[in-house]
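S.K.: Below: one structure in C-alpha cells.
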Amino acid sequence: MTTLPTLTLRDGLTMPQLGFGVFQVPDDQAQQAVESALEAGYRSIDTAMIYGNEHGVGRALAASGIAREDLFVTTKLWIDDHGRGAARPALEASLERLGLASVDLYLIHWPAPATDVYLQTWQGFEDLRAAGLTRGIGVSNFLPEHLDRVVGLGGAVPAVNQIELHPALQNRETVAANAALGIATEAWSPLAQGAVLGEAPVVEAAAAHGVSAAQVVLRWHLQHGNIVIPKSVTPARIAANLDVLDFTLSEAEMAAIDALDRGQRTGPHPAEFNG
C-alpha cells in the first residue's frame with residue numbers, strides 16, 4: 001500500500017495531501033469509482049451536496065470495510081443552504097446520504113457574495129464543529145477579501161480553502177492569502193480538465209521522468225504544498241493519479257510549469273458566482 005503524504009491542518013487534523021474527487025460523477029457511477037479509488041489506496045474522498053452523488057460515495061465507504069478512522073471524508077454546503085440556522089439540517093442531510101455520523105471536513109462551497117450570508121454561515125459551521133457533526137471546517141472558492149471578513153469575526157479560521165488551481169490558473173494572490181493565515185490550499189480542477197496536459201513543459205517533464213503528463217501536473221501540485229483531488233472514473237487512471245510519489249520535478253521543471261499561468265479558468269469567478 002502506498003504511504004500517502006499528509007498535511008497537518010491549522011486545527012490539528014491530519015489530512016492526506018492527495019485525495020479523490022467525484023465532481024461530475026453521476027451517483028450511479030460514484031460507488032464504483034470510489035471503490036476503485038479506495039482499492040488503489042486513496043483514503044481521502046471529496047464530494048458535495050450539489051454533486052448529487054453522496055449516496056454513491058456512502059455506499060462505497062460502507063462496502064470498503066475500511067475503518068472509519070482511516071478515512072477522511074469532505075463534503076460541502078450549497079449556496080441555497082447558507083445561513084447559521086440552515087447549515088445544520090443541510091449537513092445532517094448530507095450525513096444521512098453518506099451513511100456517516102460525522103464528516104472530517106465541511107466546506108462552504110461558494111461565498112456567494114451577492115447574498116452576503118457567508119459570515120452567518122461560518123458561525124453556523126463553528127456550531128457544527130462544536131456539536132461533533134464535523135471534525136474540521138473550511139471554505140471553498142473564497143477570495144482574500146472573503147477570508148479577511150471571516151477572520152474578522154474573531155472566531156475560527158478556516159482550515160482549508162479549496163480553490164480552482166492548476167498551471168494555467170495559479171491563483172497566486174489567494175494562495176498567498178491562505179498561507180498568511182495558515183490556511184491549507186486545496187486544488188480543484190487540478191489538471192484544468194486536461195487543458196494543460198499538452199503544454200511543452202509538461203510534456204517534456206513527462207518524457208524525462210517516464211510518466212504521464214497528468215502525473216507531472218499532480219506532482220507539481222504536491223511539490224508546491226497543495227492538497228490535490230484528481231477525478232476519474234477509469235480504474236487505471238485512478239491508480240495512475242496516485243502513482244506520483246517516486247519521482248521529483250527539478251527546480252527548472254517546476255519553474256517552466258509555473259510560467260504557464262495565464263489566468264485561464266475552467267469554472268466561474270468566485271466574485272461573480274451566486275448560484
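S.K.: Pairs under 6 Å by beta carbon, first residue more than 17 Å from ARG262 (Cα to Cα) and at pLDDT 95 or above in region 164-183, partner crowded, with 20+ Cβ neighbours inside 10 Å and aliphatic (A, V, I, L, M), six or more apart or different chains?
M.R.: If the second residue must be crowded, with 20+ Cβ neighbours inside 10 Å and aliphatic (A, V, I, L, M), the pairs left are ALA177/LEU147.
S.K.: Also: Out of all the residues in region 27-56, which are under 18 Å from the mean Cα position of the chain (by Cα) and surrounded by fewer than 19 Cβ atoms within 10 Å (Cβ to Cβ)?
M.R.: GLY41, ILE50, GLY52
S.K.: If you don't mind, another one. Of all residues in region 88-111, which are in a loop (DSSP other than H, G, I, E, B) and either buried (at least 24 other Cβ atoms within 10 Å of the Cβ) or within 17 Å of the chain's Cα centre (by Cα) (or both)? Spell out how you get there, then give the answer.
M.R.: So the first thing to find is which residues in region 88-111 are in a loop (DSSP other than H, G, I, E, B), and the list is 99-102, 109-111.
Selection gives HIS109, TRP110, PRO111.
S.K.: Could you check how many residues of region 251-275 are free of Cβ contacts under 8 Å to residues at least 40 places away in the same chain and either touching a helix residue (DSSP H, G or I) at 6+ places or on another chain (Cβ under 7 Å) or surrounded by 12 or more Cβ atoms within 10 Å (Cβ to Cβ) (or both)? Don't jump to the end; show me each part of the working.
M.R.: Filtering region 251-275 for residues free of Cβ contacts under 8 Å to residues at least 40 places away in the same chain gives 251-252, 254-255, 268-269, 272.
Add one more test, that the residue is either touching a helix residue (DSSP H, G or I) at 6+ places or on another chain (Cβ under 7 Å) or surrounded by 12 or more Cβ atoms within 10 Å (Cβ to Cβ) (or both), and what stays is 254, 268.
Total satisfying the criteria: 2.
S.K.: Sticking with this structure for a sec: Does LEU119 fit the bill of being in a helix (DSSP H, G or I), on the phi < 0 side of the Ramachandran plot, more than 20 Å from the chain's Cα centre (by Cα) and not β-branched (Val, Ile, Thr)?
M.R.: When the stated conditions are applied, LEU119 passes them.
S.K.: Another question about this same structure. Somewhere in region 64-71, is a residue more than 19 Å from THR6 (Cα to Cα) and surrounded by fewer than 23 Cβ atoms within 10 Å (Cβ to Cβ)? Give the steps one after another, and end with the answer.
M.R.: Just the residues of region 64-71 that are more than 19 Å from THR6 (Cα to Cα), to begin with: 64-65.
Remaining after also requiring surrounded by fewer than 23 Cβ atoms within 10 Å (Cβ to Cβ): 64-65.
Within region 64-71, one or more residues are more than 19 Å from THR6 (Cα to Cα) and surrounded by fewer than 23 Cβ atoms within 10 Å (Cβ to Cβ).
S.K.: Next question. Are there any pairs with C-beta distances below 9 angstrom linking a residue in region 203-215 that is closer than 12 Å to ARG237 by Cβ to a residue that is at pLDDT 95 or above and aromatic (Phe, Trp, Tyr), with the two at least 6 apart or on different chains, and if so which?
M.R.: GLN215/PHE247
The values are calculated or read from the model by the stated rules, or taken from the named source; none is laboratory data. The structure presented is a predicted model; accordingly, all values stated were derived computationally and were not measured. Note that each Cβ is placed from the backbone with ideal geometry, even for glycine, and that neighbours are counted across all protein chains shown.
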